[in-house]
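Visitor: Handing you a structure now.
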Amino acid sequence: MATNTEESMEPSTSRQNTAEFPRSRDTDQSMPRCKSRSPPPFLTYVHRMETPEAGGDSQEDLVKQQKPSPGCLQAFTNCMKSLWATRHTLESDDRKLRVKTTLKELVVYFLFLVLLSVVAFGMTSTSMYFVTKVISELFLDSSSGGVTFRSVGSVEDTWKVLKGSLPSALHWEHWYNNQPLPVHGDRFVFFENKLLGLPRIRQVKVRNGSCSVHEYFRDVIFDCYGDYSKSNEDTESKVNTGNYTGFTYQSEASLDGSSSEGQLSTYSGGGFVQNLGRTKADTQRILEHLFTESWLTRGTRAVFVDFTVYNANVNLFCVVRLTVEFPPTGGAVSSWSFRTVKLLRYVTVFEYFIMACEFFFALFIVYYVIEELLEIKIHKLAYFKSVWNILDVTVIVISIVFLTFDIYRLLAVERQLQELTSSPEKFQDFDFISLWQIRFDNAIAITVFLAWVKLFKYVSFNKTMSQLSSTLARCAKDLAGFAVMYFIVFLAFTQLGHLLFGSKLKEFSDFTSSFFALFNIILGSFDFYALREVDRYLGPTFFMLFIFFIFFILVNMFLAIINDTYSEVKSELATQKDDLKITDYVLTRYRKMLGKIHAKEDRVLDLDDVLKYADANADGVIDFEEWRQDLIKRGYADGEIEALFCKYDADGSRYLDQEEQRRLRQDLESQREEIHKDYDHLNETRNQVSENDDSDNDSSMKREPGPKPRGGFTGVLYEEYTHLCRRVERMEHAVGGIIGKIDAVLAKLADLEKAKIRRREVIAKILDYLNEGGNKDEINKAKIESMLKQELEQPEFDDRRTPVLRKTERSPSLHQSERSPSLHQSERSPSLHQSERSPSLHQSERSLPLHQSERSPSFHQSERSPSLHQSETSPSVGKSPQATEDEDKNVN
């Protein structure tokens, strides 16, 4: 019975926060029956060793749970604060809170990034490229009289294209087998692209006398047509025969047009405009009339052909503009523009899904606007000193513009299509909407780029990922200063190239072209032989000087600055601790969940083993004592054992019969299924988190068979391991100092005991000598008295025998004793154990003369004599051991 009591009172070393109720076997047998199947609230299952990694609640968490709930207004305020809480608005320096806030920011921003990407890519389609490709090849590469639009080089070539290939490309009136198509049928471009409205041709001209003729040639040259400009534009209409508008000037406002940019100049949206026909014959007739009436003159500076097609199969508009410019030097330069855009945004189910994403994207913009305003309120102008904050503001501003234009485009396209439906015989100008749609798409592309770059803000807490941003931030000033010198030299070479070769090479024809031509030289994409053919001396000299100064010196200086800064940053980061290790935080949470699963699995295995082996008498029934003894061996506390037994003891008989055991097995089986589901869920989480630890062998979630430590998952982070090692080392030092002092005290006590034994032996010898009858001699009495006094004045121990004690007593602090090598020497010293196990000590205590000396009145008198106390307090007390041995010989 005593054994059972001690066993039940043994503390459970593999539990935390579990109440223990020691009881003997007799007490357990006299316990009242279980009256409820459910365990009491304070005895609910708490599995073994719920360490912080296993998910156990700390005392702080328990205190937080016991705090009274705040009021509704306070709760709403706290909710709003936590909703817009960021690392820049936190007032607390709690590292764990900062990690949680950063994770929340990362999750919210990731959702925003996903919505932005869905909206951006939902506006584009791979079909856009193919629509642009087929339309451009049709109008640019169709030949008429051996001339294509790409190869137009004169007014004659322009008319060949306008009268020949253009009408055929605009109006598809026959099927591939030359069968005519219905007039109001599928006369679509490539049979798939509907021509919206009528095509239009427009020209802009300059007036005669827009330039000055030198006085030497005024008698020979009477007309002068200069470059195009708004002030030189010809607005004079001509008398027209027939119902044609191409000879009447119309302003930009009356046409509701906009200026357009060509290769040579920027032209207004007005001019002389003529709409083409709905059929090929009508278009050819109109163009033939314009050709006959010399619609193109010496003053013509640009001709524009505008039209729009719509492909209903892919819901795409293609706005086309073909431009031919006539410079004052003569000849012609062709250019073109094909804008394939999606103006009707919401047609299919997927596009309505995009609309829903745009709605949530707008909510995110409102959320981030409030967040940035709160940060600006806290940090004032210092907010704009951070590059990430400026990036946030840029993304928000572009997103607001996106949402505004999205609403405008919806209304403008709706209005334009209504006008098209009501007036199909007019030209429908989609140029302005398509132009801003393209600009809008470009802005969205930049926003997506900036939004993805902003991910560096969250991954920069990892030292490896922060190397790039830290390197660029540190060398920014050096690069900016060096860039000034670099571009001074580069622009000098740009001007030199333009002045030397601008009249002969297209690459150097103007300053901008010369600038990019030099960049091509740096990249290795340049025609050196063309440069040498222009000038066999200056060309190669220019090339070699540019390569030497720009490429070999200045460019490599840039690289040297970056490499040097990168080396500094890398060396600093090698010794720097991560401010916030989000990955470690996620892994810690992962390990907590894994520890809980392992703990749950251990519990199931333990209860399964109890069902198998607890029935010692093999009667098919498990009584409470068998249940208790088996679970105690497995480390369970009495309270927990009682709660588990009462849960399945339905009738309160203190026995688990076959039916109750079957119900317990079913419960364990359901728990096993839950454990497998938890393992699968954690497997998915594990795949999303990467550990840069080559020694991590726990890639499999489930544990391998074999003995395993209690508590489940035993992995620990390296920094946590290092921190624990430092704590254990400090504890060892502290305990080592205490042990050293204890050893020194025990050594001193051992020396005192040895001195006391030696003194007793000497006194016993003296008393034996006196009892033998030699005390009648006065000389011998004097000698014996002298020896007795010397023995009483002898120190109890020799200080030279205890160097450890003296060094320990002189130690100014515990840390000095910890660092002293004598500490470890004292720890390893066997003197303590030897003194404890000294046979002489026990022998002297058991010896008869010792007890006689204790009972001798002379001995007690000597102990109470003032000379003894005087000798103990004297600073000069002490004789050598050799002197004591000599005196012992004399006595003998």
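The values are calculated or read from the model by the stated rules, or taken from the named source; none is laboratory data. What you see is a predicted model, and the numbers here were worked out from it, not measured in a lab. A quick note on method: Cβ atoms are made from the backbone with ideal geometry, for glycine too, and the neighbour counts reach across all protein chains shown.
Visitor: So which helices (runs of 4 or more DSSP H) are wholly in region 624-712 and hold at least 1 residues that are farther than 17 Å from R603 by Cα and at pLDDT 75 or above?
Guide: In region 624-712, 624-633, 658-687 are the helices (runs of 4 or more DSSP H) which contain 1 or more residues that are farther than 17 Å from R603 by Cα and at pLDDT 75 or above.
Visitor: Restrict the check to region 605-622 and report whether at least one residue is crowded, with 17+ Cβ neighbours inside 10 Å, β-branched (V, I, T) and either modelled with pLDDT under 70 or closer than 17 Å to I641 by Cβ (or both).
Guide: yes
Visitor: So, one more: Which one of these is surrounded by fewer than 17 Cβ atoms within 10 Å (Cβ to Cβ), in contact (Cβ under 8 Å) with a residue 24 or more places away in the chain and out of contact with any Phe, Trp or Tyr (no Cβ under 9 Å at 6 or more places or on another chain): S212, S143, S168?
Guide: Unique residue meeting the criteria: S168.
Visitor: Please state which of the following conditions D478 fails to meet, knowing it meets all the rest: (1) in a helix (DSSP H, G or I); (2) assigned by TED's automatic domain parsing to the domain that holds S386; (3) in contact (Cβ under 8 Å) with a residue 60 or more places away in the chain.
Guide: (2)
Visitor: Mind checking whether some residue in region 201-209 is modelled with pLDDT under 90, farther than 17 Å from A302 by Cα, in the same structural domain as E137 (by TED's automatic domain parsing) and not charged (D, E, K, R)?
Guide: yes
Visitor: Also, quick follow-up: Does I522 qualify as being under 30 Å from E568 (Cα atoms), modelled with pLDDT under 90 and in the same structural domain as I550 (by TED's automatic domain parsing)?
Guide: yes
Visitor: Here is a further query. So is V314 β-branched (V, I, T), out of contact with any Leu (no Cβ under 6 Å at 6 or more places or on another chain) and surrounded by fewer than 17 Cβ atoms within 10 Å (Cβ to Cβ) or not?
Guide: yes
Visitor: Can I ask one more? For the condition closer than 24 Å to K426 by Cα and charged (D, E, K, R), what is the one hit in R187, R218?
Guide: R187 is the lone residue from the list that is closer than 24 Å to K426 by Cα and charged (D, E, K, R).
Visitor: Does region 168-182 include one or more residues that are assigned to a strand (DSSP E or B) and under 30 Å from P327 (Cβ atoms)?
Guide: Taking every residue of region 168-182 in turn, none turns out to be assigned to a strand (DSSP E or B) and under 30 Å from P327 (Cβ atoms).
Visitor: Quick check, is I521 buried (at least 16 other Cβ atoms within 10 Å of the Cβ) and in contact (Cβ under 8 Å) with a residue 40 or more places away in the chain?
Guide: When the stated conditions are applied, I521 does not pass them.
Visitor: So which residues in region 194-252 are of a type in the set (S, T, Y) and more than 15 Å from W295 (Cβ to Cβ)?
Guide: S210, S212, Y216, Y225, Y228, S229, S231, T235, S251, listed by residue number.
Visitor: If you check T245 against the conditions, is it surrounded by fewer than 20 Cβ atoms within 10 Å (Cβ to Cβ) and over 17 Å from E425 (Cβ atoms)?
Guide: Spelling it out, it is not the case that T245 is surrounded by fewer than 20 Cβ atoms within 10 Å (Cβ to Cβ) and over 17 Å from E425 (Cβ atoms).
Visitor: Out of the residues in region 377-416 that are under 30 Å from N275 (Cβ atoms) and either touching a residue at least 12 places away in the same chain (Cβ under 8 Å) or buried (at least 16 other Cβ atoms within 10 Å of the Cβ) (or both), state the one that is farthest from the chain's Cα centre (by Cα).
Guide: Step by step, filter region 377-416, then rank; the result is Q416.
Visitor: Of the residues in region 135-164, how many are hydrophobic (A, V, I, L, M, F, W, C) and within 58 Å of the chain's Cα centre (by Cα)?
Guide: The total comes to 6.
Visitor: OK, next. Looking at this structure, is T241 at pLDDT below 90, assigned to a loop (DSSP other than H, G, I, E, B), closer than 18 Å to R278 by Cβ and not basic (K, R)?
Guide: No: the conditions fail for T241.
Visitor: Quick one: would you say E729 is at pLDDT below 80, surrounded by fewer than 13 Cβ atoms within 10 Å (Cβ to Cβ) and not in a helix (DSSP H, G or I)?
Guide: Taking the combined requirement at face value, the residue does not satisfy it.
Visitor: Failed condition for G226, given (1) small (G, A, S); (2) more than 25 Å from T132 (Cα to Cα); (3) free of Cβ contacts under 8 Å to residues at least 60 places away in the same chain, with all others met?
Guide: (3)
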